[in-house]
Amino acid sequence: MEMNATYTSFVAVGDSFTEGMSDALPDGSYRGWADLLAMRLAARHPGFRYANLAVRGKLIGQIAEEQTAAAAALGADVVTLVGGLNDVLRPKCDVDLVCARLEQTAARLADSCGRLVLMRSPGRRGPVLERFRPRMEHLFDFIDELAERHDALVVDLFSSEALGDARLWAEDRLHLNAEGHRRVAEAVWQALGHAPESDWRAPLPPSAPAGWARRRGADLRFAREHLVPWIGRRLTGRSSGDGRSGAHFDAALGRAYWVSPALAGSGGIGPVATWQRAA
């Protein structure tokens, strides 16, 4: 792609990965790769506009029904769509149906934006990844086909050895930590045609393996704080995203809205949480 491409608006569609979990800020809110990317794009283009509609826990059918029309109505220069992984990680999943719903969503968004960006999501190395690898690869192969049909970009995070490193993942083992999100933002930045600012694929430095007691303690904390609540939600048909709307979606009006940064003197572009709603 042409380097230094111009993008003045960006809409992010998806689930918890795009919402920003678990790149936690001091106030308990999340930032994530989409916000980081928006801040970098805004620093290059005065009047930049951004909307993040992603909601944790959403399946691809919910993303299609709840986010797609709102995102399409904004007519952004760039739209990122990441979804389907929550579906394929469930015990039972019709991957072909997931692909069909993803195709409908991608087609609607591609027709409404300047550039659609799809992703092969990262996976944390371990037994869970290996158990679901065939489904994930099925989904990702289909994403490659979608990109060809709709002239979309694909950011291949799944093949990155670095992003599979457990040290780039949060304690819940489902979401990237702050460094992981920073690397994803860099990967999308480069895919959009901008000059690299770092090597997002660079491996982490070697570290001594954790001892048995430390590993078992981490496993127990993970089970108590994350696995058991997740199982409870599955058994009761609940989702972590129930009752939530995207960060820039007005539930009362049923539509999305833009936010734009305000330059704060020499401080430059501040965090997205401080941006103002655009007219």
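Bear in mind that the values in this text are calculations on the coordinates, not laboratory data. Small disclaimer: the values here were computed from a predicted structure and weren't measured. Glycine also receives a Cβ, built like all others from the backbone with ideal geometry; neighbour counts cover every protein chain displayed.
Observations on the model:
- Residues of the stretch 86-100 with an amide N closer than 15 Å to a point placed 7 Å from the Cα of ALA107 along the Cα-to-Cβ direction: 97-100.
- Paramagnetic reach from LEU129 (point 7 Å along Cα→Cβ, amide N under 12 Å) across the stretch 68-105: none
- In this label model, GLU145 and ALA251 are separated by 3.7 nm, measuring between points 7 Å along each Cα→Cβ vector.
- Here the label points at ALA69 and GLU161, each 7 Å from Cα along the C-beta direction, are separated by 4.8 nm in the simple model.
- Label separation (SER240 vs ASP94): 2.7 nm, computed from points 7 Å beyond Cα along the C-beta direction.
- Net length gained if the chain between LEU25 and ARG173 were fully extended (0.36 nm per residue, minus Cα distance): 51.4 nm
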